[in-house]
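A short reminder: the numbers here are calculations on the coordinates, not readings from a lab. All of these numbers come straight from a predicted model, not from anything done at the bench. Using ideal geometry, Cβ is built from the backbone for each residue, glycine included, and neighbour counts are taken over all protein chains shown.
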Amino acid sequence: MSEFRLTGKEDLSAQVAALPEDMADPAERLRRKIAECVSGSSFNELYKVTLDHDGLLLVGNVMLDKLEEAGFLLEDFDALGALTSAAVPAVSAIIAAAAARGQSVDGFVLDFVYPSVKGTDIAGKRVILVDAWLSQKSYIQTSSLVTLQQGNRLDLDFSVVEHEGAKPIAILSLVGAEEIAKNASSCETASTASDSESGTEAREGTGKNSVIELSNTVTGESCKLPFIYAYGENELN
């Protein structure tokens, strides 16, 4: 008996990639918008995407989906913290997307001008730190400048959040790069998001996530947090 023959065209994947904007899935639509925005530049704050009426809706839902794929459900965190001003629209987009899914999530901004945390009170909350673009190419003001000076470590940001009584559980970026955590071990689950103090259960994520090792500059204690991003830099070419 002869085997079944494939009836689709060999270049099916290329045809899918070439679908009109309104026929592509949300993640692909957003990737195209970001790729067009950064075309010809090595780094971009992505405002043309995150402040676009359609882009903002896509950002919120795609980033929530990426968190879920990594093992973090909406009930696993209470607030989102923008590491830079470029991340503020992304945080707002995620808050809106979470609300549309029936979950309340708060937001705040890290700023090294007093008060260092602007927005909702984060004491006792489980928080996810958010950026628009986090990699060795990053040129962002304030906290990311510290990141670059310390070899892409977010120690100061982490220390400020812990000082406010919050518990950071992950780092999320719209665009990121493996290089930022190339010397760190892989993390198969979102288990760092749970412990006896937070009262949440560890959840399995799909695949492996990079992790970033952080140190509290006040107490000297260190930990590793999952580093999750919607798109790698190489996906925008």
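In a fully extended conformation the segment linking Ala96 and Leu73 would gain 6.7 nm over its present Cα-Cα distance, using 0.36 nm per residue.
Which net charge results for the neighbourhood of Ala82, defined as the other residues with beta-carbon distances under 11 angstrom from its beta-carbon, given Lys and Arg at +1 and Asp and Glu at -1?
Summing Lys and Arg as +1 and Asp and Glu as -1 gives -2.
Modelled spin labels at Tyr47 and Glu221, positioned 7 Å past Cα toward Cβ, are 3.9 nm from each other. Normalised by the number of residues in segment 26-107, the average gap of Cα pairs under 8 Å and 6 or more apart makes the relative contact order 30 percent. Put a plus charge on the Cβ of each Lys and Arg, a minus charge on the Cβ of each Asp and Glu, and nothing anywhere else: the dipole of segment 38-96 about its Cα centre is then about 300 debye.
Net charge in the neighbourhood of Thr219 (other residues with Cβ under 12 Å of its Cβ; Lys, Arg +1, Asp, Glu -1) is -3. Counting only other residues whose beta carbon sits under 13 Å from that of Leu51, what net charge do I get with K and R as +1, D and E as -1? Once positives and negatives cancel, what remains is -1.
Under 5 Å between amide hydrogens, built in the peptide plane, is the criterion, and for Ile228 it picks out Ile171, Leu172, Ser173 among residues at least 5 positions away or on other chains.
With θ taken as phi - 60° and the Karplus curve 6.51 cos²θ - 1.76 cosθ + 1.60 applied, the whole-hertz 3J(HN,Hα) list for segment 156-166 is 5, 4, 4, 5, 4, 5, 5, 4, 7, x, 9 Hz, x standing for glycine and proline.
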